[in-house]
């Protein structure tokens, strides 16, 4: 009889221990998945940031005005480089997108820029990069959702709380990104 009780106790300890171990490992894997997906987003941001100076240089060569847009792009890139957290980087990326949107609006209003081969090539590369960024952001938010659901479900939420796993923040576009940029087409002499 005593032997049966000990076998039941040992089996219960093994089952509970296995569950804790498995749950903790799933949380670690999901957490790393979120971090990995953010790295993919950053890879695409870096591609964008590498292409933008070339586009700006090509546009500057063909057009002398609209210096503020160029300055805003440079400041936004610097802001991203100095950002430390995912939230800060997301905010800086949104700032880049806003400035980049103004540059695109300017280019739409200067048809002679579109005919320059370098500008066309760079624009095609940037369009592809913007699509990749959009896809990677969506994947990041999917990973965040999966992780957040996992740490909120009972009984995994107990283990998440014990080991300090907390909810991740979704990538969200700022309110200013929804506003179309205005372009002043007055030529300054």
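The values are calculated or read from the model by the stated rules, or taken from the named source; none is laboratory data. Everything numeric here is computed off the predicted structure, so don't read it as measured data. Methodologically, a virtual Cβ is constructed for each residue, glycine included, from the backbone with ideal geometry; neighbour enumeration extends over all protein chains shown.
Criterion first (modelled with pLDDT of 80 or more and surrounded by fewer than 18 Cβ atoms within 10 Å (Cβ to Cβ)) does residue 108 satisfy it?
no
Just to be sure, is residue 90 at pLDDT below 80 and more than 23 Å from residue 144 (Cβ to Cβ)?
no
Could you tell me whether region 153-168 includes any residue that is more than 30 Å from residue 54 (Cβ to Cβ), assigned to a loop (DSSP other than H, G, I, E, B), under 23 Å from the mean Cα position of the chain (by Cα) and in contact (Cβ under 8 Å) with a residue 40 or more places away in the chain?
yes
Would you pick out the residues in region 140-156 that are closer than 14 Å to residue 22 by Cα and loosely packed, with under 14 Cβ neighbours inside 10 Å?
Result: 155, single match.
Which of the residues that make up region 23-60 are under 30 Å from residue 154 (Cβ atoms) and at pLDDT below 80?
none
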